[in-house]
Structures are given as structure tokens and as C-alpha cells.
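Let me begin by presenting the structure, written as C-alpha cells, before commenting on it.
The values are calculated or read from the model by the stated rules, or taken from the named source; none is laboratory data. Since this is a predicted model, take the numbers as computed values, not measurements. With ideal geometry, Cβ positions are generated from the backbone for all residues, glycine too; neighbour counts draw on all protein chains shown. Heads up: the accessible areas ignore ligands, DNA and RNA and are worked out on the full protein's heavy atoms, side chains in. Shrake-Rupley method; radii C 1.70, N 1.55, O 1.52, S 1.80 Å.
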Amino acid sequence: MATEEERAALRASIEAFQPFNEQETADKAVILQALDTVTDVFDRTAQAHMACSIWVVDPTHTQTLMVHHNIYNSWSWIGGHADGEANLAAVALRELEEETGVAAARLLNGGAVYSLEVLTVDGHVKRGTYISSHLHLNVTYLAEADPAEPLRIAPDENSGVKWVPLDQACALSTEPWIRNRIYQKLIDKMA
């Protein structure tokens, strides 16, 4: 369970984050308000809850690692729920290893927040249980990994894992808003 110190450290890292665009400015305010007012914000049972993603690039920063997400039936970034933890950078690295097998990634930018998003999640069935529509208050980290590291799928999460050229990452997504507003932003921020 997230301690008050861990919660305060995450809040401070989000407060220090400099938004790249209007979407990040608006979403930063929403996430900070939720951290201040929603007591169970780190629990996935909250209607709006903390989640994290990790945008993984190769050492040349010309490829990104993507998974074919089972629920969305689309190529996607890697991420997951906080599930009680406030150290979202550690959660993101753990999700990376669980979903792809990549264990030797290193966070870039000193582990600082790379991007912020409030993401809508439509109702869906997961492991035989209906999950109602909700919001992910998402913190994204940037990491670097070696494409030679062995990859593996996580059958309950994804059906494919692969490195793709950055200029092809958006085209692989079947989710227009994510593709155009999030993935393209993440690529543009690297320039």
C-alpha cells in the first residue's frame, strides 16, 4: 500500500513535470487533483485510478517496443495499474518485464515523468469478469532497452511483442485517439 511519503514523492514528480502541450497541461491538473482528493486513487476499484505506461526505445532511439494488446486488439505501449503502489516508475519497469520479458531496461531522464494522460477505458471483459468503463490517470516513463534481449508474450495480456521503427508505431495502432494524440506526442517529444 502506498505510504504518505511515497504518495507525496509521486505528487512532487508530477508537479515538477513540464507539460509538452495543452493535453498534458489539462491532464496534469486532473491527476494532481485526484491525488489530493481521492483516497483510493491507487486502487483499481476507484472510478478514476492511477496507472502507468513505459515508452521503450532502443539505444539509437529509432525503434520502440510494442505489444499486441488482447483487450484492445491493437499494437500498444506497455503499462499497468498502480495496484496500491505509488512508485509508478518501479511499476512500469515491472510491467515491462511481465509483458515482454525485457528485464534490463533503464529509465531515461533520471526516471522523471515523461508524459501524463487521462485515458478513458471502455467497459470490457477480462479473465471472464466484466470491468466497467473507467479512467486511467496515467504517468508515462521513457526507458531504453537492448533489442537483442529475448522477448516473450504474456498470454493473458498480449498476443505479440516486437520492436518497430518509430515512424511505423502510430500506423500499427487501431485506436485513432491514442495513435494521433498519445503515440505521436511521445515520438515528437523525442525530437
Seminar exercise, completed: Gyration tensor on Cα atoms of segment 85-191, a ≥ b ≥ c root eigenvalues, a/c under 1.5 rounded, else prolate if a/b beats b/c, else oblate, says rounded
For this session: Highest first, please rank the peptides 63-69, 41-47 by the mean number of other Cβ atoms sitting within 10 Å of their residues.
Result: 63-69, 41-47
For this session: Could you go through segment 160-171 in sequence order and give the Karplus-derived ³J(HN,Hα) for each residue, using 6.51 cos²θ - 1.76 cosθ + 1.60 with θ = phi - 60°, rounded to whole Hz, and x for Gly and Pro?
Result: x, 9, 7, 7, 9, x, 3, 6, 10, 4, 5, 5
Seminar exercise, completed: Counting only protein heavy atoms with a 1.4 Å probe and every protein chain in place, the carbon and sulfur fraction of the accessible surface of segment 1-140 in whole percent equals 53 percent
Problem set entry | the chain - Kirkwood radius from inverse mean 1/r over Cα pairs (Å) | 16.7 Å
Exercise. For Arg127 and Lys189 in the same chain, what is the full-extension length gain: residue separation times 0.36 nm, less their Cα-Cα distance, in nm?
Worked result: 18.8 nm
Exercise. Quick one: accessible area per residue over the chain, 1.4 Å probe, rounded to a whole number of Å²?
Worked result: 48 Å²
Problem set entry | Accessible surface ranking that places the most exposed of Tyr130, Tyr141 first, with a 1.4 angstrom probe | Tyr130, Tyr141
For this session: Classify segment 1-61 as rounded, prolate or oblate from the Cα gyration tensor: take a ≥ b ≥ c as the square roots of its eigenvalues, call it rounded if a/c is under 1.5, otherwise prolate when a/b beats b/c and oblate if not.
Result: prolate
Exercise. Tell me, in nm to one decimal, what length is gained between Ala104 and Ser13 on full extension, where the rule is 0.36 nm per residue of separation less the Cα-Cα distance?
Worked result: 30.4 nm
For this session: Would you give the gap between the C-alpha center of segment 123-175 and the C-alpha center of segment 1-39, rounded to a whole Å?
Result: 23 Å
Problem set entry | segment 37-191 - charge dipole about Cα centre, Lys and Arg +1 at Cβ, Asp and Glu -1, debye rounded to 20 | 280 debye
For this session: Collect residues whose amide H, placed 1.01 Å from N in the peptide plane, falls under 5 Å from the amide H of Ile131; neighbours closer than 5 in sequence don't count.
Result: His124, Val125, Lys126
